[in-house]
Each structure stands twice: as C-alpha cells, then as structure tokens.
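The values are calculated or read from the model by the stated rules, or taken from the named source; none is laboratory data. Only a predicted model underlies this, so the values are computations on that prediction, with no experimental measurement involved. Don't worry about glycine lacking a Cβ; one is built from the backbone with ideal geometry, like all the others, and counts go over all protein chains shown. Keep in mind that these areas ignore ligands, DNA and RNA; they rest on the heavy atoms of the full protein, side chains included. Shrake-Rupley method; radii C 1.70, N 1.55, O 1.52, S 1.80 Å.
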Amino acid sequence: GTFATNVELAASRIHGRVIKPGKTFSYSKSVGTRTVANGYVNGPSFANGIKVSSIGGGICQTSSTLYVSLLLAGIEPIEHHYHSLPVDYVPLGLDAAISQGVQDLRFKNTADYNIVIEAIAIDGMLTVNLLRG
C-alpha cells in the first residue's frame, strides 16, 4: 500500500455522506479509526512539527480538500486545525489537520436542505464537491 491508499480510502468513506439540516458532520468519525485492520497503511504525517510515518498518514489531504470545498461553499467549520508545518498539497492556510481523538474537521449543516459530500480519488487526483441533496 502507498500514501494514495489512505487518501482513496478516506475519500471513499466520506463519499455519499448526507448531512441533514441542523446535523453535524465529523470527518474523523466518518473515515474511521486509523488502523491496519481498518485498511489504512503507513504514510507521511506530522507529530510535534516533525515529519513522521504513521498508519493513516495522508488522510489530511482528503480533509484539507474537503476544507477548501467548505470555504468555497461559504460553510464555516465548527472545528478546524492547521498542521504544525506547511503541507505541499494545498496552499498555505488551506490545510485541515486530523489527529485521532485530538483534532477533527467538523461542520454543521445550517442550510434548510441536505448536503451531500462527493469525494472521488482516481490515480492520485482527489476531487471533493459539496452537493445540494
């Protein structure tokens, strides 16, 4: 498995999620526990400002892409964290760090319609769209 495995797995786990009006979406809960048993592999991640390798490393590429989609849709997250170091997959200030039980990306659907997450990763290309459902 590679870094892309984690990105694709995380994308597949948020793809098709429906967030009803007034409900809150948790990225961390949606992608599941970052364990080998859950399908995740070793990938690059950050710990205390140092680049390390950890199971599930790379899922922040998916959360960061979702974060950009939220900003473009005018949705203010209720929880969001930056990485301790700059990342190379989104411009500075557009990343969303995820750390099991510590850091999450969460948003509430304040609209009066369902929001559907579309997340597709093919050959290292990741696309996340927020659709009116």
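Mind listing whichever residues of the stretch 72-90 are of a type in the set (A, V, I, L, M), surrounded by fewer than 18 Cβ atoms within 10 Å (Cβ to Cβ) and at pLDDT below 90?
Within the stretch 72-90, LEU85, VAL90 meet the criteria.
Do we find a residue being touching a Gly at 6+ places or on another chain (Cβ under 9 Å), of a type in the set (A, V, I, L, M) and in contact (Cβ under 8 Å) with a residue 12 or more places away in the chain anywhere in the stretch 38-49?
Yes, the stretch 38-49 contains at least one residue that is touching a Gly at 6+ places or on another chain (Cβ under 9 Å), of a type in the set (A, V, I, L, M) and in contact (Cβ under 8 Å) with a residue 12 or more places away in the chain.
Looking at the stretch 59-71, is at least one residue touching a residue at least 60 places away in the same chain (Cβ under 8 Å), of a type outside the set (A, V, I, L, M), within 20 Å of GLY124 (Cα to Cα) and open to solvent by less than 20 Å² (accessible area, probe 1.4 Å)? Walk me through it before giving the result.
The first filter runs over the stretch 59-71 and keeps only residues touching a residue at least 60 places away in the same chain (Cβ under 8 Å), leaving 61-62, 65-66, 68-70.
This time we only want the ones that are of a type outside the set (A, V, I, L, M), so: 61-62, 65, 69.
Filter again for within 20 Å of GLY124 (Cα to Cα), leaving 61-62, 65, 69.
Right, trim to open to solvent by less than 20 Å² (accessible area, probe 1.4 Å) and you get 62, 69.
There is at least one residue in the stretch 59-71 that is touching a residue at least 60 places away in the same chain (Cβ under 8 Å), of a type outside the set (A, V, I, L, M), within 20 Å of GLY124 (Cα to Cα) and open to solvent by less than 20 Å² (accessible area, probe 1.4 Å).
What residue, of SER26, SER12, is under 15 Å from the mean Cα position of the chain (by Cα), open to solvent by 50 Å² or more (accessible area, probe 1.4 Å), touching a residue at least 24 places away in the same chain (Cβ under 8 Å) and under 21 Å from GLY133 (Cβ atoms)? Before you say what the answer is, go through the steps one by one.
On the way: SER26 fails: open to solvent by 50 Å² or more (accessible area, probe 1.4 Å).
SER12 is the lone residue from the list that is under 15 Å from the mean Cα position of the chain (by Cα), open to solvent by 50 Å² or more (accessible area, probe 1.4 Å), touching a residue at least 24 places away in the same chain (Cβ under 8 Å) and under 21 Å from GLY133 (Cβ atoms).
In this structure, is SER99 at pLDDT below 95 and either under 28 Å from LYS20 (Cβ atoms) or open to solvent by less than 30 Å² (accessible area, probe 1.4 Å) (or both)? Before you say what the answer is, go through the steps one by one.
On the way: at pLDDT below 95: yes; either under 28 Å from LYS20 (Cβ atoms) or open to solvent by less than 30 Å² (accessible area, probe 1.4 Å) (or both): yes.
Spelling it out, SER99 is indeed at pLDDT below 95 and either under 28 Å from LYS20 (Cβ atoms) or open to solvent by less than 30 Å² (accessible area, probe 1.4 Å) (or both).
Taking the stretch 102-128, which residues are more than 22 Å from PRO44 (Cβ to Cβ) and open to solvent by less than 60 Å² (accessible area, probe 1.4 Å)?
Hits for the stretch 102-128 are PHE107, ASN109, ALA111, ASN114, ILE115, VAL116, ILE117, GLU118.
May I ask you to list the residues in the stretch 46-73 that are within 11 Å of ASN6 (Cβ to Cβ) and of a type in the set (Val, Ile, Thr)?
Matches in the stretch 46-73: ILE55, ILE59, THR62.
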